[in-house]
1. What spacing in nm lies between the two simple spin-label points modelled at A:LYS99 and A:ILE69, each 7 Å away from Cα in the Cβ direction?
2. Mind sorting A:SER84, B:SER211, A:SER79, A:SER67 by how few other Cβ atoms lie within 10 Å of their own Cβ, fewest first?
3. What shape does the protein assembly as shown take by its C-alpha gyration tensor, where a ≥ b ≥ c are the square roots of the eigenvalues and a/c under 1.5 counts as rounded, a/b above b/c as prolate, and the rest as oblate?
4. Sorted by mean Cβ packing within 10 Å, highest first, what order do the peptides B:176-186, A:6-16 take?
5. Please rank B:ASP113, B:ASP100, A:ASP25, fewest neighbouring Cβ atoms within 10 Å first, as an exposure proxy.
6. Quickly estimate the mean residue ellipticity at 222 nm for the protein assembly as shown, helices only: each DSSP H run with n ≥ 4 gives -39500 (n - 2.57), and the total goes over all residues, rounded to 500.
7. Place a +1 charge on the Cβ of each Lys and Arg in the protein assembly as shown and a -1 charge on the Cβ of each Asp and Glu, then give the dipole magnitude about the Cα centre in debye, rounded to the nearest 20.
8. Once the dipole of chain A is set up with Lys and Arg at +1 and Asp and Glu at -1 on Cβ about the Cα centre, which of A:GLY55, A:LEU5, A:LEU100 lies farthest towards its positive end?
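Each value in this text was obtained by applying a stated rule to the coordinates, not by laboratory testing. Nothing here was measured: the structure is a model prediction, and the numbers come from that model. For neighbour counting, all protein chains shown are included, and Cβ atoms are generated from backbone atoms with ideal geometry for every residue, glycine included.
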Amino acid sequence: MRNKLILAVEELYLKSDIPELHVGDTLSVSVKIKEGTKERTQKFDGVLLAKRGTGTNSTITVRKISSGIGVERNFLIHSPQIESIKVTSSGRAKVRRAKLYYLRKLQGKKARLTYSMPIK
Amino acid sequence: MLGLLAKKVGMTQVFDAEGNGVPVTVLEILENAITEKRNQKEHGYNAIQIGGEAAAKESKLTKPEIGHLKKSNSPLFRTLKEFRVSAELLEKYEVGQALDAGEILGEEGSLVDVTSRPIGRGTSGRIQRWNQHRRTMTHGTKHHRQIGSAGAGTTPGRVLKGLHMPGRDNNLRTTSHLMLVKLMEIEGKKVALVKGSVSGYKGCMVVVQVSKKLGTWNKLAFDLGKAVKRD
C-alpha cells in the first residue's frame, strides 16, 4: 500500500490522456527533443514489450527494428517530454506473457504477433 | 534562525519544468505552533520553542510536559523544538501563533537544510563501520573479520581512546544541506517536496530550515537557480 499523501502528490503530475496500453500493442510515441533553442518532435514507432512501475514512475519499453537493428527505448509515460502516445495496432495482441522479452531473439516472420479483432 | 518540524512521508518522483524526472522526498509540515518564548533577561538566551504534532491521548505525555503546554494553552504536542533567534525576531512572534511555512522557508525554489536521525545500521563490525579491510579467508587463518590487535602491552597498559572498534553505527543526527524545496497544500495538509533523499525512517521527525550554507555556497546556489538568501 502506498501512502495516500504520496499518491496525492503524484496525482498532480499524472497525465489524464494516456490511452489504455497493453503489452504487444504497436505504439507511436511522440517525444519532444531540444536542439539548442529549437524544439521538435520525434516519433518512435514500435512494439510495447513491457510496462513497469506505478504513478509518476510508470515506464514502458518500446522496441522497433531500425535498418535491421533492434532498438529499444524506455519512456516515462507521464513525463512532459512525451507529447503523445498512440496505439496504432487494431485489437489486442495474442500474448501469454506480461513481458515480451522473447521477441528480442526472434527475427522476421517469427517476430510477428497476431492481433484479435477490435472490440466494437 | 527559525525552522519547522515536519514528518518524513516517503519518496517519489515528479517532473520539473523541462520534463526531467526529479527524485523528491515528501515532507508533511506539522502544526508548528509557538509554545514558549525564552528571553535574555529570564533565561539567559533568546529562543522560540515550537510544537510539532499533537499526541492522540493525554496519557502519552508526562505530567510535567502537560503542565508546560497548559501554560501556553497549546495542544498536547509530542515533540518540542527550540530555535535560537535574535531579539527582534523574538518580538515579532506571539505565543500560540502557528508558523507560516512560506514565510519561514521562502517561495518555491529556495534552498533548505533538513536535519533528522538516520535509520542506523545497529551493531556493526569494523569493516562496515570504519571501512577497514578483511583478512584472508583461506590459507589456514582463523581471523577473518575480527579487529586484530587493540594496542601495545604493558606500555601504555590500556586501550587508547578513539580506537576504531565494532559498535553501534550511523545513528547520529545528520543534516542534508542545500536541498531545493517546493511547498504545496494537499487535502488540507501542508506538504514540502524536497529534491533528494532525507535520512530517517518513514514517519520520522525532521527539522527544515533555510539553508545555513547559502552565504558560503552562493555560487552553487546560483547554479541550482532561483535560490534566495534570507536572514
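1. Those two pseudo-labels are separated by 2.4 nm.
2. Working: A:SER84 14, B:SER211 25, A:SER79 19, A:SER67 5.
With the sparsest Cβ surroundings first, the list reads A:SER67, A:SER84, A:SER79, B:SER211.
3. Numbers: a/c = 2.39, a/b = 1.45, b/c = 1.65.
Because a/c hits 1.5 or more and a/b fails to exceed b/c, the protein assembly as shown counts as oblate.
4. Details: B:176-186: 17.7, A:6-16: 14.8.
Highest to lowest by the protection proxy: B:176-186, A:6-16.
5. Numbers: B:ASP113 19, B:ASP100 11, A:ASP25 25.
Ordered from fewest to most neighbouring Cβ atoms within 10 Å, B:ASP113, B:ASP100, A:ASP25 come out as B:ASP100, B:ASP113, A:ASP25.
6. Working: 7 runs with 44 residues, N = 351.
My calculation for the protein assembly as shown gives -3000 deg cm²/dmol from helical runs alone.
7. Working: 62 positive and 33 negative charges, 504 e Å.
The dipole magnitude comes to about 2420 debye.
8. The residue sitting most towards the positive pole is A:LEU100.
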